[in-house]
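Worksheet: one structure, shown below.
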Amino acid sequence: MANVAKIPVIDISGGGGEAEQLQVAKELVEAAIEHGFVFIRNTGNDIPVEAVEGAFDISRKLFGAPLEEKEKCKYEQNNRGWSSMQYEVLDPKNQRVSSLQNSLRGWLLLSLTQTTCPGWRLQGVCIPLILSHLALATSLQPVIYRIRAFNFGEFVDGKAQQPIPDTIAQYEGQVGAFRDLCYQMCLKINTLLGIGLQVDPPDFFTAAHLREKGTSGTILRFLYYPPLADTSADREDVRAGAHSDYGSITMLFRLKGQAGLEILTREDTWAPVPVTPPGTEGDAAPPILVNIGDLLSYWTNGLLRSTVHRVVFPGPGKGAVEGETDADPRYSMAFFCHPVGTTPLTPVPSERVRQFKAPPSSSSQAAQLDPAGEKVLTADEHLNMRLRASYLQFYKDKE
Ligand SMILES: O=C(O)CCC(=O)C(=O)O
Ligand SMILES: [Fe+2]
């Protein structure tokens, strides 16, 4: 058995009153601080098992649809639509260069926005952070991305506000309903984080996510990874490169038996994340894997951990969790939760966050982003910075 990540499993389905809610909230916050990842048991209370299975069925239909249909819904600057990174496989040499450029941009931004810097900064850039990322990148080469993805933005009255492939047009309402369930659960997790961190008021995060207050960068993403046999990749290649997520939290749905996800542990080693962690084998559906994104880490001054993760071809005896395989096409669904775009990322009113001491070499987040101290970053500005860094080539082509 591979040395799997020890991520806690929590049941938030509740019903046990205030004391139980407080206990669950504390467990959630401890997992978010220690691992940046937590399994939420899928009891069917928040998201019915059939809704998850139904969404996976639609995803299979979507990726199986004719290419022309998907191309009509191509990825747009609003972060919605279909993207295929397969073309990058055609020129792995350039891909390596461009992914390094992408990464450098991303790390520069990350190191500017990260309050905690274990060393000296040059022009606000945390030098040790950049150096450690560079070392990581060297060890990760070659980096080839092999994902196909479809991003769904907001729905209004059950209708997507973007083109949808004809093949799944009849399921539009079902996708919207699934997205709604994810949104509701995202609010619930944000409320628990607020309670667990003793934020005043405890609904501080939740209030910032309420869609009636405006649009947000929230995305439901269907993902498809072809099996090794259908690609020119070999086992050493990466299916989805090492990254952290941009939003507040991500909720990830995976299918039983499908290997691949790994997290970078505090010891700087890659650890596989089982789809079915011990204790959940008898559940009707695998737990929902929740992770902290950069925004919530930024917002809590680095207290909550935005953990780097990736998807690989682990193979039997090569890091695959027992009972999991990379032989089949891999499907996953991620709900990237973001606060309303205009939300100012002002310090979180929590004693726990205030007491979390960033090393003396770092200054406040706002000051790093804006040395003159005139401007607090909004959620949208934060997102756009991260998207620009990730989709560098896309934005270059647009210019
Ligand atoms: O497919 C997965 O398991 C992870 C996907 C992921 O990390 C992402 O899309 O950000
Ligand atoms: Fe991710």
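Since Leu67 meets every condition but one in (1) over 18 Å from the mean Cα position of the chain (by Cα); (2) crowded, with 16+ Cβ neighbours inside 10 Å, which condition does it not meet? If we test Leu67 against (1) over 18 Å from the mean Cα position of the chain (by Cα); (2) crowded, with 16+ Cβ neighbours inside 10 Å, just (2) comes out false. Considering every residue within the range 141-152, establish whether at least one is farther than 30 Å from Ala65 by Cβ, out of contact with any His (no Cβ under 8 Å at 6 or more places or on another chain), of a type outside the set (D, E, K, R) and at pLDDT below 95. Yes: one or more hits. Would you confirm whether any residue within the range 8-20 is farther than 21 Å from Leu187 by Cβ, free of Cβ contacts under 8 Å to residues at least 24 places away in the same chain and charged (D, E, K, R)? Checked the range 8-20: no residue is farther than 21 Å from Leu187 by Cβ, free of Cβ contacts under 8 Å to residues at least 24 places away in the same chain and charged (D, E, K, R). Which of (1) open to solvent by 10 Å² or more (accessible area, probe 1.4 Å); (2) at pLDDT 95 or above; (3) away from ligand 2 (no atom under 16 Å from the Cβ) does Arg254 not meet, given it meets every other one? Failing condition for Arg254: (3). Counting only residues that are away from ligand 1 (no atom under 12 Å from the Cβ), assigned to a loop (DSSP other than H, G, I, E, B) and touching a Gly at 6+ places or on another chain (Cβ under 8 Å), the range 280-313 holds 5 of them.
Residues that are under 30 Å from Met385 (Cβ atoms) and surrounded by 22 or more Cβ atoms within 10 Å (Cβ to Cβ) were ranked within the range 308-329; the one that is nearest to the chain's Cα centre (by Cα) is His309. Of everything listed in (1) touching a Lys or Arg at 6+ places or on another chain (Cβ under 7 Å); (2) within 16 Å of ligand 1 (Cβ to nearest atom), the single unmet condition for Leu252 is (1).
Every residue in the range 298-307 that is under 14 Å from the mean Cα position of the chain (by Cα) and open to solvent by 10 Å² or more (accessible area, probe 1.4 Å), please. If the condition is that a residue be under 14 Å from the mean Cα position of the chain (by Cα) and open to solvent by 10 Å² or more (accessible area, probe 1.4 Å), then Arg305, Ser306 are the ones that fit. For the range 281-289, indicate whether the set of residues that are within 16 Å of ligand 2 (Cβ to nearest atom) and open to solvent by less than 20 Å² (accessible area, probe 1.4 Å) is non-empty. Yes, the range 281-289 contains at least one residue that is within 16 Å of ligand 2 (Cβ to nearest atom) and open to solvent by less than 20 Å² (accessible area, probe 1.4 Å).
Checking Ser362 against (1) open to solvent by 50 Å² or more (accessible area, probe 1.4 Å); (2) of a type outside the set (A, V, I, L, M); (3) modelled with pLDDT under 85, which test does it fail? Result: Ser362 passes all but (1).
The values are calculated or read from the model by the stated rules, or taken from the named source; none is laboratory data. Given the structure is predicted, the values throughout are model-derived calculations rather than measurements. Heads up, the Cβs are rebuilt from the backbone with ideal geometry, glycines too, and the neighbour counts pull from every protein chain shown. In case anyone asks, the SASA skips ligands and DNA or RNA and just uses the protein heavy atoms, side chains included. Shrake-Rupley method; radii C 1.70, N 1.55, O 1.52, S 1.80 Å.
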